[in-house]
Amino acid sequence: MARRVGVALYVSLIICLATIRPPAAFAKGAVMTAVVLVLFGLMLAWRRMSVRFGLRRCYVYEDGLVVTNLFGGVQDAVAWSEVTALNRYIGASVFMTLHRFEIARHGLRPLVVLALGLKPPMVDALLSRLAKNGIR
């Protein structure tokens, strides 16, 4: 959402520069465009790097679930024997579909896992592993 607000702000500033025409409007517009393009390029580079090095992933094992953090280290882990309840939410819109799993545990805060896409393979793997362990 912040990206969309930033793009909307950028477009409105470019329109204001074109209509008001302050001194050095072209230079100001060029600097703003360069900043936006650099930020977009950094975002794409981070996406590629995080996929290549396996950062921010969710691994489903026979014994439990492991979620990694932004730098690939273990952020949280859950053994199936610790799980008390599972809440599953599906959100669908024109622009994005997501599956949200809240895994409640004994004495700890719930673990929240998001899977983006209409039918990601992680959803089937997670649901089958939960069903094998008797968790609904």
Margin query: Name the residue from Ala8, His99, Tyr89 whose Cα lies farthest towards the positive end of the charge dipole of the chain, charges +1 on Cβ of Lys and Arg and -1 on Cβ of Asp and Glu.
Written below: Ala8
Next item on the list: List every residue whose amide H lies under 5 Å from the amide H of Gly72, counting only residues 5 or more places away in sequence or on a different chain, with H placed 1.01 Å from N in the peptide plane.
Entry: Arg56
Note to self: If I compute solvent accessible area with a 1.4 Å probe over the protein chains, what percent of it on the chain is carbon and sulfur?
What the structure shows: 66 percent
Check: Once the dipole of the chain is set up with Lys and Arg at +1 and Asp and Glu at -1 on Cβ about the Cα centre, which of Met32, Leu44, Thr19 lies farthest towards its positive end?
Finding: Thr19
Notebook entry, point to check: Once you charge only the Cβ atoms, +1 for Lys and Arg and -1 for Asp and Glu, what is the size of the charge dipole of the chain about its Cα centre, to the nearest 20 debye?
Noted result: 380 debye
Note to self: Test of understanding: given the chain, find the longest segment containing no chymotrypsin sites (Phe, Trp or Tyr not before Pro) that are in a DSSP loop and have at most 13 other Cβ atoms within 10 Å.
What the structure shows: 1-60
Notebook entry, point to check: Among (1) 129; (2) 112; (3) 140, which is the computed volume of the Cα convex hull per residue in Å³?
Noted result: (3)
Notebook entry, point to check: Among Ala79, Ala104, Ala27, whose mean-square fluctuation peaks in a Gaussian network model of the chain (Cα, cutoff 10 Å)?
Noted result: Ala27
Check: Taking a probe of 1.4 Å, how large is the accessible area per residue of the range 1-121, in Å²?
Finding: 74 Å²
Checklist line | Accessible-area ranking of Leu127, Leu111, largest first, probe 1.4 Å | finding: Leu127, Leu111
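Could you put Glu102, Glu82 in order of accessible surface area, largest first, with the 1.4 Å probe and the full protein assembly present?
Ranked list, largest accessible area first: Glu82, Glu102.
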Margin query: To test your reading of the geometry: what angle, between 0 and 90 degrees and rounded to tens, separates the Cα axis of helix 25-53 from the longest principal axis of the chain?
Written below: 20 degrees
Item checked: C-alpha long axis of helix 2-20 to longest principal axis of the chain, angle in ° -> 10 degrees
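The values are calculated or read from the model by the stated rules, or taken from the named source; none is laboratory data. Not measured: the values here are computed from a predicted model. Because the Cβ atoms are built from the backbone with ideal geometry, glycine has one as well, and the counts that use them run over all protein chains shown. With ligands, DNA and RNA removed, areas are computed over all heavy atoms of the protein, side chains included. Shrake-Rupley method; radii C 1.70, N 1.55, O 1.52, S 1.80 Å.
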